[in-house]
Amino acid sequence: MRQRLVRTFASAGVAAATLAIASGASAATGSTTLQGTAAPAASRTPALGAVSGGKQISFEVQLALRDPAGAAAFAKAVSTPGSASYQKYLTPGQWESRYSPTSATVSKVTAFLRTSGFSIGSVSADRMTIHVRGSAAKIERAFNTGLSYHKVQGKKLVVNNTALSVPSGLAGSI
């Protein structure tokens, strides 16, 4: 089962991403808490129990757009009747060259993940998603959160109990 650390969505033929915005850096730890990454189920549903530290979990790390304001303006322009850009979409290559994270960003984030003990799977062609696998204990340690089981829409899921934290140098990348 795959879980997303930060979700992406598609609208009007244009990929867009929610951004994890830094809410504050801790000088002592050099980490930044990412807003919007706390699992809603952690506060809305009762915990069914702790996740064993050895449990292997596959998940995806969503990377931030290179120019989120430009991407939002573009999405609005192509979706607004009467706009000169109305329904003039970008090719995947054009989108990637303008808005996708750079290869350097992907390298920086994958280096952090490897150092944290995770196995790196594939990186999406648009460089927006890194597929990752690792133990629950490594996830808790790397992202400074706890994991627990919750029943969500009839399914038993693993959710993070608090917002995720990453090294401050990665805050604008994830």
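The values are calculated or read from the model by the stated rules, or taken from the named source; none is laboratory data. None of these values were measured; they are calculated from a predicted model. So basically every Cβ, Gly included, is an ideal-geometry build from the backbone, and we count neighbours across all protein chains shown. The area values use the complete protein model at the heavy-atom level, side chains included, leaving out ligands, DNA and RNA. Shrake-Rupley method; radii C 1.70, N 1.55, O 1.52, S 1.80 Å.
The numbered conditions (1) free of Cβ contacts under 8 Å to residues at least 60 places away in the same chain; (2) assigned to a helix (DSSP H, G or I); (3) of a type outside the set (F, W, Y); (4) under 27 Å from D67 (Cα atoms) are all true for A125 except (2). Taking the conditions (1) touching a Ser or Thr at 6+ places or on another chain (Cβ under 6 Å); (2) open to solvent by less than 40 Å² (accessible area, probe 1.4 Å); (3) over 30 Å from T91 (Cα atoms) in turn, A171 satisfies each one other than (3). When residues in the stretch 80-107 are screened for being surrounded by 17 or more Cβ atoms within 10 Å (Cβ to Cβ) and part of a helix (DSSP H, G or I), 5 of them pass. Of all residues in the stretch 148-162, those being open to solvent by less than 30 Å² (accessible area, probe 1.4 Å) and under 20 Å from F112 (Cβ atoms) number 1. Taken over the stretch 130-147, the criterion of being open to solvent by 20 Å² or more (accessible area, probe 1.4 Å) and either within 13 Å of the chain's Cα centre (by Cα) or at pLDDT below 95 (or both) is satisfied by H131 alone.
Are any residues in the stretch 131-158 charged (D, E, K, R) and farther than 23 Å from V106 by Cβ, and if so, which ones?
E140, K151, K155, K156, listed by residue number.
From the list F118, F59, F112, the one residue that fits, being more than 15 Å from L170 (Cβ to Cβ) and modelled with pLDDT of 95 or more, is F59. If you go through the stretch 32-75 and keep only what is among the polar types (S, T, N, Q) and out of contact with any Phe, Trp or Tyr (no Cβ under 9 Å at 6 or more places or on another chain), you end up with T32, T33, Q35, S43, T45, S52, Q56, S58, Q62. Looking only at residues in the stretch 151-174 that are of a type in the set (A, V, I, L, M) and in a loop (DSSP other than H, G, I, E, B), the one that is nearest to S43 (Cα to Cα) is A163.
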